[in-house]
Amino acid sequence: MAATLSIAGFGCGEASQGTDRSDDVADSPTISVTDSAGVKIVRISDLNALDLPELNRPLLYSTSADLELHHVAGAVFLPDSSLAIADKGSSQVILLAQDGSVRERLGREGEGPGEYVDIEWIGVGAGGNLSVYDGGLGRFTFLEPSGRVTGVQRFDMTHAIAPLVHLADGEFLAVLETRPFRPLGFQRGPLFLVIGDQSGAVVDTLGRWDGKERFVTPGRMIRVGFAATALYAGRGSHAAVATTDSLDVTLYEGAEPLTRIRGGHSPREVTSREKEAWLELALDMYPEAVRPAQREVLEQSKVRDTYPAFGALKVGADGGIWIGGYARLEDMERRWTVLGSDGTPLGMLNLPVYRPELLKIRDGSITGWGVVELESTIPSAWHELLDVAGSLVAVLRTGELGEEFIEVYEVEVPR
């Protein structure tokens with residue numbers, strides 16, 4: 001299996017396509033096996049049917065009263081339990097002390113060292129050094145835990161790319177979407193897990209997955225309601241890629257596959273009321289005058305009859321896999337199932353669902369941001385879980401007026 005997964009281009013993808021494999025899963029809730037290459041495979045017939053302890057989550061602090069944030073692109077815990085926040089709107093990295101107070105603000109808008117144009121991602125390595133990816137400048141900026149800039153790394157990509165982890169030797173793992181010629185009708189573009197070298201060049205492809213479900217007409221790309229898609233996440237030296245058609249997650253340590261979670265799920269029906277609610281939510285991004293025409297466009301598309309198997313994915317500092325359920329439009333909380341890096345189910349907890357402000361279209365221009373992504377699997381579905389490190393969990397929230405704030409909880413996960 002490891003040999004198959006490491007073949008450039010398509011090895012892992014053939015094994016990771018998001019089809020429902022519930023017939024392959026034994027009646028037992030969890031069966032674990034290890035193949036000859038040392039990749040742990042865990043089969044779970046129904047993730048939500050597992051009898052797991054509910055984890056307590058006492059609140060340590062919130063930034064709602066003292067810190068104004070302008071579109072959080074990510075946040076990670078440093079080794080000393082402080083929190084580094086990538087604030088896209090202010091072009092800053094904000095360092096919080098252990099009690100949540102602002103310790104330092106780093107960066108500003110610009111193209112010089114320590115300056116940013118379009119922050120898209122922030123990551124932290126095993127030694128605590130920060131990596132900040134700027135999509136506008138096509139570069140990583142590296143910082144010590146103190147905030148001192150130590151270097152930059154540029155690369156020129158013609159395709160959509162999202163970094164997952166920056167490894168100690170200067171290599172990085174990322175997901176890449178080529179956006180090839182799109183045939184008419186229902187289709188899913190491919191998504192690739194790639195590894196890049198210190199020069200920023202992609203040197204190998206580790207796997208291929210099906211991206212977001214979408215519907216193509218002669219003149220446009222139309223979203224699919226409640227679409228299955230590819231999800232991905234990374235932290236430290238670990239990265240995970242998944243498809244949501246069924247339970248299908250692969251965890252990597254560096255470039256090597258470590259654990260694979262496979263299973264089916266109990267399909268949840270999407271009701272006619274929920275389909276209409278989705279349509280109205282999609283129409284809300286358009287001005288009133290063009291909504292009738294846009295309604296006709298959306299009604300040409302497809303709304304799934306059942307929800308995807310899950311809707312969110314995160315990797316913890318220890319390589320633990322956090323799988324979030326697919327939240328209904330009216331759900332206030334999402335169930336997260338916590339698995340160890342070896343796939344062992346450890347517990348579950350509910351977190352408040354993050355609902356960003358909807359993207360808006362005004363006079364041909366796009367303002368705002370959020371849950372609407374018409375063409376691309378990049379970025380992965382955005383959700384509330386920002387980072388997990390030890391017993392600390394950072395969660396992104398929105399207030400009544402759409403303002404963003406972060407809550408940090410203490411969660412003791414059994415080992």
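The values are calculated or read from the model by the stated rules, or taken from the named source; none is laboratory data. Keep in mind the model is a prediction, meaning the values are calculated, not measured. In this analysis, Cβ positions are derived from the backbone assuming ideal geometry, glycine residues included, and neighbour counts consider all displayed protein chains.
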Quiz prompt | Asp80, sole failed condition from (1) surrounded by 16 or more Cβ atoms within 10 Å (Cβ to Cβ); (2) over 23 Å from Ala162 (Cβ atoms) | solution = (1)
Quiz prompt | Criterion: in contact with a Phe, Trp or Tyr (Cβ under 8 Å, 6 or more places away or on another chain) and hydroxyl-bearing (Ser, Thr, Tyr) - qualifying residue of Thr244, Thr250, Thr259 | solution = Thr244
Quiz item: If a residue has to be acidic (Asp, Glu), in contact with a helix residue (DSSP H, G or I) (Cβ under 9 Å, 6 or more places away or on another chain) and either free of Cβ contacts under 8 Å to residues at least 40 places away in the same chain or not in a loop (DSSP other than H, G, I, E, B) (or both) to count, how many in the range 281-304 make the cut?
Solution: 1
Quiz prompt | Only listed residue being aliphatic (A, V, I, L, M), buried (at least 17 other Cβ atoms within 10 Å of the Cβ), within 22 Å of the chain's Cα centre (by Cα) and modelled with pLDDT of 95 or more, chosen from Ile85, Ile44 | solution = Ile85
Exercise. Look at Thr158 and say whether it is of a type in the set (S, T, N, Q), out of contact with any Gly (no Cβ under 6 Å at 6 or more places or on another chain) and either at pLDDT 95 or above or more than 20 Å from Asp169 (Cα to Cα) (or both).
Key: yes
Exercise. Sort out which residues of the range 44-74 are part of a loop (DSSP other than H, G, I, E, B), under 21 Å from Leu247 (Cα atoms) and out of contact with any strand residue (DSSP E or B) (no Cβ under 8 Å at 6 or more places or on another chain), and write them in order of number.
Key: Asp51
Quiz item: Quick one: which of Glu276, Glu269 is more than 20 Å from Leu47 (Cα to Cα), more than 18 Å from the chain's Cα centre (by Cα) and among the charged types (D, E, K, R)?
Solution: Glu276
Quiz item: Looking only at the range 320-350, which residues are part of a loop (DSSP other than H, G, I, E, B) and in contact with a helix residue (DSSP H, G or I) (Cβ under 9 Å, 6 or more places away or on another chain)?
Solution: Gly325, Arg328, Leu329, Glu330
Exercise. Identify, by number, the condition in (1) outside any loop (DSSP other than H, G, I, E, B); (2) farther than 26 Å from Ser341 by Cα; (3) in contact (Cβ under 8 Å) with a residue 60 or more places away in the chain that Val241 doesn't meet.
Key: (2)
Quiz item: Which residue out of Leu359, Leu401, Leu374 is surrounded by 15 or more Cβ atoms within 10 Å (Cβ to Cβ), at pLDDT below 85 and not charged (D, E, K, R)?
Solution: Leu359
Practice problem: Go through (1) modelled with pLDDT under 95; (2) crowded, with 18+ Cβ neighbours inside 10 Å and name the single condition Ala240 misses. | Solution: (1)
Exercise. Could you list all residues from the range 260-275 that are more than 30 Å from Gly320 (Cα to Cα) and part of a loop (DSSP other than H, G, I, E, B)?
Key: Val270, Thr271
Practice problem: Count, please, the residues in the range 226-270 that happen to be touching a helix residue (DSSP H, G or I) at 6+ places or on another chain (Cβ under 9 Å) and among the acidic types (Asp, Glu). | Solution: 2
Quiz item: Filtering the range 389-398 down to residues that are small (Gly, Ala, Ser) and in a strand (DSSP E or B), which residue is surrounded by the fewest Cβ atoms within 10 Å (Cβ to Cβ)?
Solution: Ala389
